[in-house]
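**Student:** The structure under discussion is supplied below as structure tokens; questions concerning it will follow.
The values are calculated or read from the model by the stated rules, or taken from the named source; none is laboratory data. Just so you know, these numbers come straight off a predicted model, no measurement behind them. Neighbour counts are summed over all protein chains in view; Cβ atoms, including those assigned to glycine, are modelled from backbone coordinates with ideal geometry. Please note that ligands, DNA and RNA were not included when accessible areas were found on the heavy atoms of the full protein model with its side chains. Shrake-Rupley method; radii C 1.70, N 1.55, O 1.52, S 1.80 Å.
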Amino acid sequence: MTTSATPLPLADLTRLHDEILDWFTRAARDLPWRRDASPWAVMVSEFMLQQTPVSRVLPAYEAWLGRWPTPAALAGESPGEAVRAWGRLGYPRRALRLHAAATAIVDRHDGEVPDSLDALLALPGVGAYTAAAISSFAFGRREVVLDTNVRRVFARVIGGEQFPPAAVTGAERDLAATLLPVRDAHRWAAATMELGAVVCTARTPRCDECPVADLCRWRAADYPAYDGPVRRGQAWHGTDRQCRGRLMAVLRDTPGPVPKSTLDLVWPDALQRERALDGLVADGLVEPLADGLFSLPR
Ligand code: SF4
């Protein structure tokens, strides 16, 4: 987003707040982490939603909280069980980090998810976004919560551009802070996120259903095409990530240790397979045992 986006006049800012919050009241999806969820449930949802769509997160979230309704319940099991239960959500290091965070919550906070931003940020795997999201959604605090959906909405409505920059900039944070309403800030965070997720989507924004269409500068400028650096989709087929996924699937689906010869069957390119396996071991997702056996971390 440009650093020179002209601020909205106050009347438009008020309308932006009202329209988006009213729309959220009418149209918000009924998601379990929005229904009187515990701070732990919100935290689990935020870890899962970081890189996985809602539809895939829902069953995993329900199963996870059914099995581990508190941080202490998760901390009482091995990290490998967390990785196994993570299933096919992808980026399984998140499961390890969530397990480490649960352990830290038990050790440092008597098993209760802390409510201060600093304490949240000190937990393993909790960065600026996740800490702000937990503080906002679980504790109703006033925080700038900037995920890709919110960033895209602000880039379009205020910046007049199709997409935000590749990585969050200080200008975006400053803008988001100036847009944050004094009241209802936690609902604003959820509402702007929802608007980006279901209406102002990356590829096919549904402007005819958008509550702030008449305030949107990108629309007013007739949708100028993005002219920033090339945006690459994440490749999958044939990549080390796909190879890692295959190796992890075998380890998840096997109750005990797995012989190397079994892992060798999942991917034909030996060099790539070894590299992927080394990477999984280095990441702590796989544990090499004696006699050429491998297992999830114990
Ligand atoms: Fe997004 Fe269209 Fe709404 Fe602008 S008018 S915020 S592009 S959905």
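**Student:** Counting only protein heavy atoms and a 1.4 Å probe, tell me what percentage of segment 32-139's accessible area is made up of carbon and sulfur. Don't skip to the end; give the middle numbers.
**Tutor:** Working: 2340 of 4490 Å².
Accessible surface attributable to carbon and sulfur in segment 32-139 totals 52 percent.
**Student:** For a quick check of your reading of the filter: which chymotrypsin sites (Phe, Trp or Tyr not before Pro) in segment 162-251 sit in a DSSP loop and have no more than 11 other Cβ atoms within 10 Å?
**Tutor:** On the way: sites: TRP188, TRP218, TYR226, TRP236; in loops: TYR226, TRP236.
Hits after loop and neighbour filter: TRP236.
**Student:** Using Cα centres only, tell me the gap between segment 191-234 and segment 1-62 in whole Å.
**Tutor:** 16 Å
**Student:** Same structure, new question: What list of ³J(HN,Hα) values in whole Hz, one per residue of segment 152-157 in order, does the Karplus curve 6.51 cos²θ - 1.76 cosθ + 1.60 (θ = phi - 60°) give from phi, with Gly and Pro shown as x?
**Tutor:** 5, 4, 5, 4, 7, 5
**Student:** Size of the dipole of the chain about the Cα centre, Lys and Arg at +1 and Asp and Glu at -1 on the beta carbon, nothing else charged, in debye to 20? Walk me through the intermediate numbers first.
**Tutor:** Values: 35 positive and 36 negative charges, 105 e Å.
That gives a dipole near 500 debye.
**Student:** For the chain, set up a Gaussian network in which alpha carbons nearer than 10 Å are linked by springs, and say which option among PRO205, PRO268, PRO181 fluctuates the most.
**Tutor:** Among PRO205, PRO268, PRO181, the largest GNM mean-square fluctuation belongs to PRO268.
**Student:** Please find the FRET efficiency linking TYR226 to LEU13, where r is the Cβ-Cβ separation and R0 is fixed at 25 Å, and quote it to the nearest 0.05.
**Tutor:** Details: r = 25 Å, r/R0 = 1.01.
Efficiency at R0 = 25 Å is approximately 0.50.
**Student:** Once the dipole of segment 32-139 is set up with Lys and Arg at +1 and Asp and Glu at -1 on Cβ about the Cα centre, which of THR130, GLN51, PRO69 lies farthest towards its positive end?
**Tutor:** Going by the charge dipole, the pick is GLN51.
**Student:** Right, another one. Counting other Cβ atoms within 10 Å, which trypsin sites (Lys or Arg not before Pro) in segment 1-102 have at most 16 and lie in a DSSP loop?
**Tutor:** Counting only loop positions with at most 16 other Cβ atoms within 10 Å, the trypsin sites (Lys or Arg not before Pro) in segment 1-102 are ARG29, ARG35, ARG88.
**Student:** Then there is this: Ignoring ligands, DNA and RNA, please state the percent of accessible area on segment 184-296 from carbon and sulfur, probe 1.4 Å. Walk me through the numbers before you get to the answer.
**Tutor:** Values: 3410 of 6250 Å².
Looking at segment 184-296 in its full context, I get 55 percent from C and S.
**Student:** Taking only DSSP H segments of four or more residues, each worth -39500 (n - 2.57), what value at 222 nm results for the chain once the sum is divided by all its residues, to the nearest 500 deg cm²/dmol?
**Tutor:** Values: 15 runs with 159 residues, N = 298.
Taken over the chain, the calculation gives -16000 deg cm²/dmol.
**Student:** Per residue of segment 57-63, in order, report the coupling 6.51 cos²θ - 1.76 cosθ + 1.60 (Karplus, θ = phi - 60°) as ³J(HN,Hα) in whole Hz, putting x for Gly and Pro.
**Tutor:** Result, rounded to whole Hz: 6, 3, x, 5, 5, 4, 5.
**Student:** Let me ask something else about it. How much accessible area per residue does the chain have, counting only protein heavy atoms and a probe of 1.4 Å, in square angstrom?
**Tutor:** Details: 14720 Å² over 298 residues.
On a per-residue basis, 49 Å².
**Student:** Taking loop as defined by DSSP and a crowding limit of 13 other beta carbons within 10 Å, which chymotrypsin sites (Phe, Trp or Tyr not before Pro) in segment 118-183 fit? Spell out each step's value before the answer.
**Tutor:** On the way: sites: TYR129, PHE137, PHE139, PHE154; in loops: none.
For chymotrypsin sites (Phe, Trp or Tyr not before Pro) across segment 118-183 that sit outside H, G, I, E and B with at most 13 neighbouring Cβ atoms in 10 Å, the list is empty.
**Student:** I would also like to ask the following. Taking DSSP loops as anything outside H, G, I, E and B, show the longest stretch in the chain free of GluC sites (Glu not before Pro) there with at most 15 other beta carbons within 10 Å.
**Tutor:** Values: sites that count: GLU77, GLU112.
Segment 113-298 is the longest.
**Student:** For segment 43-176, take N as its residue count and report Rg(C-alpha) divided by 2.2 N^0.38 Å. Numbers along the way, then the final one.
**Tutor:** Values: Rg = 15.9 Å, N = 134, 2.2 N^0.38 = 14.1 Å.
The value comes to 1.13.
**Student:** 5 Å is the cut-off here: which amide hydrogens, built 1.01 Å from N in the peptide plane, fall below it relative to THR70, excluding neighbours closer than 5 in sequence?
**Tutor:** Distant-sequence amide H within range of THR70: zero hits.
**Student:** Further, regarding this structure: Which whole-Hz ³J(HN,Hα) couplings does segment 30-41 yield from phi under the Karplus relation 6.51 cos²θ - 1.76 cosθ + 1.60, θ = phi - 60°, glycine and proline marked x?
**Tutor:** Calculated HN-Hα couplings, in order: 7, 10, x, 6, 9, 9, 6, 6, 6, x, 5, 5 Hz.
**Student:** Rounded to whole Å and sorted largest first, list the principal axis extents of the Cα atoms in the chain.
**Tutor:** Computed over the Cα atoms, the extents are 70, 45, 31 Å.
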